[in-house]
Amino acid sequence: MPSIAKETLSAKLPQVDCEWSEFRDQSRVKIAPSSLLQVLFCLRDQAGFNQLTDVTCVDHLEMAGATDRFELVYVLLNIDSGERVVVKTFLNEPDLKIQSATSVWFGADWLEREVYDMYGIEFEGHPNFKRLLLPEGFASFPLRKDYPQQGRGERHNFPVITRAES
Amino acid sequence: MPLELLEPTTSDASKREGLWTLNFGPQHPATHTTLRLVLQLDGETVVDAEPDIGFLHSGFEKLGESLDYNQYVTIVDRMNYISPLANEIAWHHSVEALLGIELTPRCKYIRTIFAELMRIHDHLLCLGACLLDLGGVTAFMYAFNEREYIYEICERASGQRFHTSYTRVGGLLYDVTDDWVAMVRKFVRNFPKAYNDFSGLVMKNRIFIERTRDVGVLSLEDAIAGGATGPVARASGVTRDLRIDEPYLAYEDFDFSICCAQAGDCYARFQVRMMEMLQSIKIIEQAIENLPSGPIFNEAFGKSGLPDKTDVYGSIEGLIHHFENIMPNRQADGPKDALYAATESPNGELGYYIVSDGSFRAYRARTRPPSLLHFSLFPRLIRGCMLSDVVAVLGSINIIAAELDR
Amino acid sequence: MASEVKKQVGDNVFLTKLDAAASWARANSLWPMPFATACCGIELMSASASRHDLSRFGSEVMRFSPRQCDLMIVAGRVVMKMLPVLQRIWLQMPEPKWCISMGACACSGGVFDTYAVVQGIDRFIPVDIYVPGCPPRPEQLIQSIIDLQAKIQSGGTYNAREFKLRDTPEGPQRFDEDELLRIRERNGLKLDSPKYDPVH
């Protein structure tokens, strides 16, 4: 099946560096973080990808042979044709800031807040930027590979109530 | 200090005079387990709602990185806990898509039957619980009675009422027996009567219609841009169902239709769910009559499937095969790549983005939760409605806190 | 004399200790407050639905207001964001009150040995009965209510004196050995905000 996304991007945005690949019938494109918004707008308006399925992040710290640390993944869907495309960008410390996709699809709102919550990636231009799932005062980013699964004691840092006093 | 609860953020609405703030949850009968809403009200009309979630965030995705593909299915069960097998089917669908494993026809049919049974299971609870919140306790009892039969079917197949952990990479835990087939047939025969009882009590009920018609309207554009999928999107006019658009398992062999509505209000969402239950029964009936015989693990991908126990205890090849599958450093290797694959779970599009580093364990197992996107649409649905409509809208979008928070 | 009284009065009056009478009444009308967080909440709903009817045992109404209940059933995993809520609700319940910890996650953290899930609510809340299972069958929950009824009837007092004796924490220590090690490791790093800073 010809990929409308690939054709549209190469036609409308030829100056953007795109690295296309395919795996089990799913096409992925790797772009630079600075060109993220223009690629997403182009895909939405010219190629018809009207739904954002998911925004997520992968920490490549423990992956052998990885060059960049944080990989942001956007999974897009064209509801009318059923085509899917995966857009990826890479970020490295200490510069973990990127433009927010809420201006393209408002459904990205909570998905980006969750990525911040779990990985610490900051999204500029987000309407309500704060943690989503963890308590406000939580000091770490749990899904990073250097954070232990059992945590660092935050889960048990509460007062104990005995039966006599309650 | 741990005993403080969070303050709501200020929005434009709070600058208006005469508004008061009501905290709804996280412990409340109508919040389906742990959700919190901070409502800004003008009398009884909701002006703004800010959801606060995370009261059930258990670190599922972190666990996915330390358990292998067959162990993580026990955890994945516990996400959408009202239709557990649907999560397992979705997880193993993604894993098998990544590893490139093809299923046998018998396995596909059995998984399809379970997926549809779970769809009925989920919709019955969604409708029952929402009606309980709206005050119709009898409907809740009727719905739960039907669900008990589905629990019995799950128990006969896997040993557990729910959280069955029934699927494995490339197949299932146990094959099903003839009395299981008889139980499913009996369920299919008896379901229409229960459905008629339930729908006769609810769908033309004046009070129910008054409470759900034109309440919480989700427009088509908002549904698409907001990421809504499943019954919530189909009730607003989106005609997309992954069972037909991206067929998986055995759905291509069956004759059924997609249920859509146009109104986008709570009543439309209920109608879509009721109609989907009828379509599910139709699929189960076709599947159980044509259930193919044969193995449940594909011999071509033998390394990923467990052999039959009689072979394990009776032959050296079976024992070695079993050893190769269970021992952590000897399991099947996966491709060093990433894939997103989704199925049509009862709540919407449940997908997993799995990144593999070549071993039999996910490097990153991301769940795409339908409930998260639906709940983020909630403030749009509730603006302008009354306080008592909050309950109806929350019930109709079927938020499951464990899937929401993971 | 006693037999004369008995003949006159018959079955209309029975003599007993005040403690036993109060315990009998309380045991047979335990109104649960379902603190249902996750999957065990669904089994709790099944236990009160028509097939395994919990109201046969006195738990006729599931009141969601803590002021009107005497039994808190914690069904499901409790995460660190929810624990203050749990404690606040426990403190709001009036005496006498009991707590059932339903399911593996409430008893000990269950399958979730992660940074967010409290490994057993008995570290922070006094628990009377534990129900194992993931999730426990409704019959197990009913058995636990029967056990609690037996416990109340055997040791209950009318003015709830038996609770004042339980003045030490009954569950495991707040922090486990390996957790303390990780906290000490963590202290080498600078933290941004002290709110959820682990104890030194």
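The values are calculated or read from the model by the stated rules, or taken from the named source; none is laboratory data. Owing to the predicted nature of the structure, the values given are computational and were not obtained by experimental measurement. For neighbour counting, all protein chains shown are included, and Cβ atoms are generated from backbone atoms with ideal geometry for every residue, glycine included. These area figures cover heavy atoms from the full protein model, side chains too; ligands, DNA and RNA do not enter into them. Shrake-Rupley method; radii C 1.70, N 1.55, O 1.52, S 1.80 Å.
Just one of the listed residues (A:Asp68, A:Asp109) is away from chain C (no Cβ under 14 Å) and surrounded by fewer than 18 Cβ atoms within 10 Å (Cβ to Cβ), namely A:Asp68. The set of residues in the range A:23-33 that are in a strand (DSSP E or B) and closer than 22 Å to A:Val115 by Cβ comprises A:Gln26, A:Arg28, A:Val29, A:Lys30, A:Ile31.
Only residues that are open to solvent by 40 Å² or more (accessible area, probe 1.4 Å) and aromatic (Phe, Trp, Tyr): list them for the range C:11-39, please. Scanning the range C:11-39 gives C:Phe14, C:Trp24, C:Trp31.
Look at the range C:176-187: where a residue is closer than 16 Å to A:Ser140 by Cα and free of Cβ contacts under 8 Å to residues at least 24 places away in the same chain and a partner is open to solvent by 50 Å² or more (accessible area, probe 1.4 Å) and not in a helix (DSSP H, G or I), sitting 6+ places away or on another chain with Cβ atoms under 7 Å, you get C:Asn187/C:His200. Kindly establish whether C:Asn28 is out of contact with any strand residue (DSSP E or B) (no Cβ under 7 Å at 6 or more places or on another chain) and touching a residue at least 40 places away in the same chain (Cβ under 8 Å). In short, yes.
Just to check your reading of the model, which residue among A:Val58, A:Val39 is within 11 Å of the chain's Cα centre (by Cα) and open to solvent by less than 10 Å² (accessible area, probe 1.4 Å)? Result of the check over A:Val58, A:Val39: A:Val58. Counting only helices (runs of 4 or more DSSP H) that sit completely within the range B:303-406, those holding 2 or more residues that are more than 24 Å from B:Leu218 (Cα to Cα) correspond to B:309-314, B:316-326. Name the residue that is nearest to the other protein chains (Cβ to nearest Cβ), counting only residues in the range B:213-236 that are of a type in the set (A, V, I, L, M, F, W, C) and assigned to a loop (DSSP other than H, G, I, E, B). Checked the range B:213-236; the qualifying residue nearest to the other protein chains (Cβ to nearest Cβ) is B:Ala228. The condition of being surrounded by fewer than 23 Cβ atoms within 10 Å (Cβ to Cβ) and modelled with pLDDT of 90 or more holds for B:Arg106. Entry remark, the range A:121-159: residues being away from chain C (no Cβ under 11 Å) and of a type in the set (Gly, Ala, Ser) number 1 in total. Take A:Arg113 and tell me if it is closer than 28 Å to B:Glu50 by Cβ, charged (D, E, K, R) and free of Cβ contacts under 8 Å to residues at least 12 places away in the same chain. Criteria not met by A:Arg113.
Taken together, the residues in the range B:370-406 that are open to solvent by 10 Å² or more (accessible area, probe 1.4 Å), among the hydroxyl-bearing types (Ser, Thr, Tyr) and touching a strand residue (DSSP E or B) at 6+ places or on another chain (Cβ under 9 Å) amount to 1. Here is a check on your reading of the model: is A:Thr162 more than 14 Å from chain C (Cβ to nearest Cβ), polar (S, T, N, Q) and not in a helix (DSSP H, G or I)? When the stated conditions are applied, A:Thr162 does not pass them.
Inside the range A:23-36, can you point out the residues that are open to solvent by 40 Å² or more (accessible area, probe 1.4 Å) and either among the hydroxyl-bearing types (Ser, Thr, Tyr) or more than 30 Å from B:Glu96 (Cα to Cα) (or both)? Those that are open to solvent by 40 Å² or more (accessible area, probe 1.4 Å) and either among the hydroxyl-bearing types (Ser, Thr, Tyr) or more than 30 Å from B:Glu96 (Cα to Cα) (or both): A:Ala32, A:Pro33, A:Ser34. Scanning the range C:44-62 for residues that are touching a residue at least 12 places away in the same chain (Cβ under 8 Å), more than 8 Å from chain B (Cβ to nearest Cβ) and part of a helix (DSSP H, G or I) turns up C:Leu44, C:Ala47, C:Leu54, C:Phe57. Looking at the range B:239-264 only, could you name the residues that are under 22 Å from B:Cys385 (Cβ atoms) and open to solvent by less than 20 Å² (accessible area, probe 1.4 Å)? The answer is B:Ala261, B:Gly264. Among the candidates A:Cys57, A:Cys42, the residue that is within 11 Å of chain B (Cβ to nearest Cβ) and under 16 Å from A:Gln99 (Cβ atoms) is uniquely A:Cys57. When B:Arg240 is tested against the conditions (1) in a helix (DSSP H, G or I); (2) of a type in the set (D, E, K, R); (3) touching a helix residue (DSSP H, G or I) at 6+ places or on another chain (Cβ under 9 Å); (4) within 14 Å of chain A (Cβ to nearest Cβ), the lone failure is (1). Output yes when any residue across the range A:143-157 is open to solvent by 50 Å² or more (accessible area, probe 1.4 Å) and either touching an Asp or Glu at 6+ places or on another chain (Cβ under 9 Å) or at pLDDT 90 or above (or both), and no when none is. There is at least one residue in the range A:143-157 that is open to solvent by 50 Å² or more (accessible area, probe 1.4 Å) and either touching an Asp or Glu at 6+ places or on another chain (Cβ under 9 Å) or at pLDDT 90 or above (or both). Among residues of the range A:72-96 that are in contact (Cβ under 8 Å) with a residue 24 or more places away in the chain and more than 14 Å from chain B (Cβ to nearest Cβ), those with a beta-carbon under 7 Å from a residue that is of a type in the set (Lys, Arg) and open to solvent by 10 Å² or more (accessible area, probe 1.4 Å) at least six positions away or on a different chain give the pairs A:Asn92/A:Arg69; A:Glu93/A:Arg69.
Residues in the range B:147-172 that are open to solvent by 60 Å² or more (accessible area, probe 1.4 Å) and either small (Gly, Ala, Ser) or under 20 Å from B:Thr310 (Cβ atoms) (or both): there are none.
Of the residues making up the range A:46-71, those that are in a strand (DSSP E or B), touching an Asp or Glu at 6+ places or on another chain (Cβ under 7 Å) and in contact (Cβ under 8 Å) with a residue 40 or more places away in the chain are A:Val55, A:Cys57, A:Phe70. Among the residues of the range A:12-22, those identified as exposed (fewer than 14 other Cβ atoms within 10 Å of the Cβ) and either in a strand (DSSP E or B) or without any contact (Cβ under 8 Å) to a residue 12 or more places away in the chain (or both) are A:Pro14, A:Gln15, A:Glu19, A:Ser21, A:Glu22. Exactly one residue out of A:Leu43, A:Leu36, A:Leu9 is touching a residue at least 60 places away in the same chain (Cβ under 8 Å) and in a helix (DSSP H, G or I): that is A:Leu36.
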